[in-house]
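Shown next, in structure tokens, is the structure this report addresses.
The values are calculated or read from the model by the stated rules, or taken from the named source; none is laboratory data. Bear in mind the structure is a predicted one, so any value in this text is a computation, not a measurement. Cβ: placed from backbone, ideal geometry, glycine included. Neighbour counts: every protein chain shown. Areas reflect the complete protein model, heavy atoms only, side chains present, ligands, DNA and RNA absent. Shrake-Rupley method; radii C 1.70, N 1.55, O 1.52, S 1.80 Å.
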Amino acid sequence: TAPRHAALSDASRRMLLQLRWARAGRLASTRAVQRLYCSAAAKERALFGHQLSNVERAALSATESLSPVEIHTEIASRFVEKRGPRNLLSFPPKQLLLALSLKVSTPDEAELLLDAHDKYVAHQYTMAQSTTHPALLVALIRARHWDAVLQTLESRGRRQMFLTEATTLGRAARGMARDMEWVKLHLFARLLPKALNPEVPAPSGLLIFTIRRLALGAPDLAFSALREAVAAGVPLKPNVFQAVATPLLAQGKADDAMAVLMLARAAAQTHITHAASMAAQPGTMICRPAASAGLVQVAVRAATAARAAAAAADVHAAVEVILSATAEQRQAAKAKALGLPSLVWNDDAGGLIASEERLAEEALPSEVVEALRT
């Protein structure tokens, strides 16, 4: 019989059976075989987050009639009850744990999975989880149990989870952002530099995405996460500094926006210290390139806002950012800063909106004007 799962409809099961027949040569059309195969793979990715292996399909087929609670009960009982003619413990196979991870869909079921997983580890099982799609982490993300995801990343060594790429972690970041779990997303960003195996470079692309997404909902937390990323010596790009400074500036926090610019200048002058990333990019600064047109535009606006709030405000960091950019970047940034409407923070919208105000060239601090001309 074809592998089945309770979440699949009768039509899906028939399709999988037809696919099995096709592989056995009972369907003549090669195009029909390809269509069936692609459709089955798409359904698996929609249900489980990835295409199942034969081992995973076998685990589901063997436990088709069991619910997650029943599987957990069976696992727990086998660790404590003596069975058979010799009255010995009959430890459960890892296939049961794999089936449980594939059937988890709620936070309560995720707690059962964590308990069962820890029992296996406590009895010195070698878990041999995938280094790209570990069953435990994939299940916790599918259940949207973000506390458990963070706890598992913190204790990844004890739970025998060794990641070599950040694909699964990306799904966690997007899920937390969709649920607007800003505090948890901040904690997630803090864990990212060390989330992968020590010999693998830090997932700087995912870290940048996480901080930028965090800035759209909680700019202060994003600023904190950015400081921690720089302290961890992870490679970054100018756009992440721009993404954090923009909402702070829109909230009227010109001093914090200037602090982000100071951090950007420090990052552009500091070498990467994350071990694996440093080995992959020797001699590279944390922020490379040092500036971009977008970051220069923020520097112009931040310096103008700071000087408007206090005549003696220090705009040295903004000037340094401007001077570190190319002439083309400076001219493009000036045109956008003067031509585009200012952004303001709207509490009702929970984010940035465009205002009717535009920056006048006469309002620019003299130091900024001089730096833009250089």
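Work out from phi, with θ = phi - 60° and the Karplus expression 6.51 cos²θ - 1.76 cosθ + 1.60, the ³J(HN,Hα) of each residue of segment 368-374, listed in order in whole Hz, and give x for Gly and Pro.
Each residue's phi maps through the Karplus curve to give 5, 4, 5, 5, 5, 7, 5 Hz.
Just how much of PHE188 is accessible, in Å², when a 1.4 Å probe is used and the result is rounded to the nearest 10?
Solvent-accessible area, nearest 10 Å²: 0 Å².
If contacts are Cα pairs under 8 angstrom and at least 6 residues apart, what is the relative contact order of segment 272-351 in percent?
Taking the mean separation of contacting Cα pairs over the length of segment 272-351, I get 31 percent.
Between ARG174, ARG330, ARG78, find the one with the highest GNM mean-square fluctuation for the chain; connect C-alpha pairs within less than 10 Å.
ARG78
Once you have the Cα-Cα distance between ALA62 and THR126, take 0.36 nm times their residue separation minus that, and quote the gain in nm to one decimal.
Taking ALA62 through THR126 to full extension adds about 20.9 nm, to one decimal.
Pick from ALA116, ALA195, ALA76: which is most flexible by mean-square fluctuation in a GNM of the chain where alpha carbon atoms under 10 Å apart are linked?
So, out of ALA116, ALA195, ALA76, the one fluctuating most is ALA76.
Just to be sure I follow the rule: in the chain, considering lysines 8 or more places apart or on different chains, how many pairs have Cα atoms under 21 Å apart?
Counting lysine pairs in the chain gives 11.
Through the Karplus equation 6.51 cos²θ - 1.76 cosθ + 1.60, θ set to phi - 60°, convert the phi angles of segment 278-288 into ³J(HN,Hα) values in whole Hz; use x for Gly and Pro.
Each residue's phi maps through the Karplus curve to give 5, 5, 6, 10, x, x, 8, 7, 4, 9, 9 Hz.
Taking the Kirkwood radius as the inverse of the mean 1/r across Cα pairs, report the Rg/Rh of the chain.
When Rh is taken as the Kirkwood radius, the ratio is 1.11.
Using helices alone, I'd like the mean residue ellipticity at 222 nm for the chain: each DSSP H run of four-plus residues gives -39500 (n - 2.57), total over residue count, nearest 500.
That comes out to -19000 deg cm²/dmol.
Using the Cβ atoms and a cut-off under 13 Å, what net charge is assigned to the surroundings of THR73, where Lys and Arg are +1 and Asp and Glu are -1?
Counting the neighbours of THR73, the net charge comes to -3.
Under the definition of Cα pairs under 8 Å and six or more residues apart, what whole-number percent is the relative contact order of the chain?
It rounds to 9 percent for the chain.
Between PHE241, PHE91, PHE209, where does the largest GNM mean-square fluctuation fall for the chain, given springs only between Cα atoms within less than 10 Å?
Highest fluctuation of the listed residues: PHE91.
Projected onto the charge dipole of the chain (+1 at Lys/Arg Cβ, -1 at Asp/Glu Cβ, origin at the Cα centre), which of GLY49, VAL344, ALA299 gives the Cα projection farthest towards the positive end?
GLY49
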